[in-house]
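Chemist: What follows is a single structure, and I will ask about it in a moment.
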Amino acid sequence: LDKVVTAESFLIDIETRGARYVHSVLLNNLSPNTNYYFEVYYNNKVQRNGTYLTFPTKNLERNLTIAVGGDAGTTTTAQKMTAALGDYDLDAIIVGGDLAYDNGMQSCFYSWDLFLGMFEKVNVKLGRLVPLILSIGNHDIGFNGYQDGDLDKNTNSYYLYAPQETKTAADGSKILPKVQERNTYNYHTLGNTVHLTLDSGYALRYAGEQEQFIDDISAKFPDRVRMANFHVPMFPACF
C-alpha cells in the first residue's frame, strides 16, 4: 500500500510474561481482485511484511475457494488439518465458533497464540495472507447459549482479536469500532456471495436485533448468494 495507516492498540496485561499489545488496522477503499504488498512498522523498524489478494467483484473475475469448519482448537489433528489447507488456493477461511478454547478467560491468551499460529503455515505456503471470518461459540465467550451471562468485552479475547465490522465516524468515514462497541454478528461480501456471521445465542439472542440484521442484509444484496455462518443451529435439539 502506498500509504501509512496507524494501528489501534489494546494492551493485554496479565503478567510480565503475558503482557502484549493487540493491534488492529482498517484498510479500506482497496481495488477488487488485486494483490497488495504491506509492511508492519513498529518500534522504529519493519517487523513483518506480506501480500494480500482482495476478493473479485460479484462478476467473479476468478473463482472463489473458501474453507469452512468449526470447533477448531489446537490439537495435533487440528494443526494437521489446518496445515492441509495450504494445498488449496484459498480466498478465505471461515471458522464457525469454538476457536481457541480459551473459555472467555483472558489469562489463557496463549490459546489464541496457538490458534492464530496454526494459520501462519497456510499463509507461508500460499505466499499471502488468507483472511479469517470467525463466529463466536460457547468456548469463546465462556458460557453456554441463552444464559444471558454478564460479559466484559474488554477482557474477552474474541472481541480483541476479531474486529470484523466497521462503523461510520462523524465525518462519514469508516472506522473500526472500539472493543466495547463490537458486535458478534456482521457480514462480508465475497465475490457474488454474502456471508452473515451470526451469534448462536451467546452474547446476543437471534430474535430482535439479529433477526432484523438478517432481513436488512438480505434486502441489501438480493442479487447475491447469501450464506449464514454460526456455531450451532438456531433451533438445535438441546434447546
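Chemist: If I take every Cα pair under 8 Å that is 6 or more residues apart in the chain, average their sequence separation and divide by the length, what percent do I get for the relative contact order?
Modeler: Numbers: 417 pairs, mean separation 39.0, N = 239.
Rounded, it is 16 percent for the chain.
Chemist: Also, I was wondering about something else. Quick one: among Lys174, Lys45, Lys121, which has the greatest mean-square fluctuation in a GNM of the chain with alpha-carbon springs under 10 angstrom?
Modeler: The residue that fluctuates most here is Lys45.
Chemist: How long is the gain from Asn49 to Leu27 if the chain were fully straight, where each residue apart is worth 0.36 nm and the alpha carbon distance is subtracted?
Modeler: So the extension gain works out to 6.4 nm.
Chemist: If I take R0 = 22 Å and measure r between the Cβ atoms of Asp113 and Glu211 in this structure, what FRET efficiency does the formula 1/(1 + (r/R0)^6) give, to the nearest 0.05?
Modeler: Between Asp113 and Glu211 the formula returns 0.05.
Chemist: Once both labels are modelled 7 Å past Cα along the beta-carbon direction, what's the Asn123-Asn192 spacing in nm?
Modeler: 3.1 nm
Chemist: On average over all directions, what projected area in square nanometres does the chain have, based on the convex hull of its Cα atoms?
Modeler: Quarter of the Cα hull surface area: 14.6 nm².
Chemist: Measure off 7 Å from each Cα along the Cα-to-Cβ vector at Asp148 and Asp89, then give the distance between these two points in nanometres to one decimal.
Modeler: 5.1 nm
Chemist: Rounded to the nearest percent, how much of the accessible area of the chain (1.4 Å probe, protein heavy atoms only) is carbon and sulfur?
Modeler: C and S atoms contribute 51 percent here.
Chemist: Pop a pseudo-label 7 angstrom from the Cα along the beta-carbon direction at both Thr166 and Val40 and give the gap in nm to one decimal.
Modeler: 2.2 nm
Chemist: If you don't mind, another one. Which order do you get for Arg62, Arg128 if you rank them by accessible area with a 1.4 Å probe, largest at the top?
Modeler: So, going from the largest accessible area down, we get Arg62, Arg128.
Chemist: Under unit Cβ charges (Lys, Arg +1; Asp, Glu -1), what dipole magnitude, rounded to 20 debye, does the chain have relative to its Cα centre?
Modeler: With only Lys, Arg, Asp and Glu charged at Cβ, the dipole is about 680 debye.
Chemist: Expected output is a single nm value to one decimal: the length gained when fully extending between Val68 and Thr155, i.e. 0.36 nm times separation in residues minus the C-alpha distance. What is it?
Modeler: Length gained, Val68 through Thr155: 28.6 nm.
Chemist: Follow-up question, since we're still on this one. How large is the convex hull of the Cα atoms of segment 18-58 per residue, expressed in Å³ as a whole number?
Modeler: 104 Å³
Chemist: Another question about this same structure. Take every Cα-Cα distance within segment 1-108, group them into 10 Å bins from 0 onward, and report for each bin the whole-number percent of pairs it holds.
Modeler: The calculated distribution, bin by bin, is 10, 28, 38, 22, 2, 0.
Chemist: How many percent of the alpha carbon pairs in segment 101-199 exceed a separation of 24 Å?
Modeler: Here the tail beyond 24 Å accounts for 32 percent of pairs.
Chemist: Might you tell me the accessible area per residue for the chain, computed with a 1.4 Å probe and given in Å²?
Modeler: Dividing the accessible area of the chain by its residue count gives 56 Å².
Chemist: Right, here's the next one. Restricting to the chain, compute how many DSSP beta bridges are antiparallel as a %, nearest 5.
Modeler: Details: 20 of 34 bridges.
About 60 percent, rounded to the nearest 5.
Chemist: Considering only Asn63, Asn138, Asn156, give the residue with the highest GNM mean-square fluctuation for the chain, with springs between Cα atoms whenever their separation is below 10 Å.
Modeler: Asn63
The values are calculated or read from the model by the stated rules, or taken from the named source; none is laboratory data. Just so you know, these numbers come straight off a predicted model, no measurement behind them. We place every Cβ from the backbone using ideal geometry, glycine too, and count neighbours over all the protein chains shown. All accessible areas refer to the heavy atoms of the entire protein, side chains included, with ligands and DNA or RNA removed. Shrake-Rupley method; radii C 1.70, N 1.55, O 1.52, S 1.80 Å.
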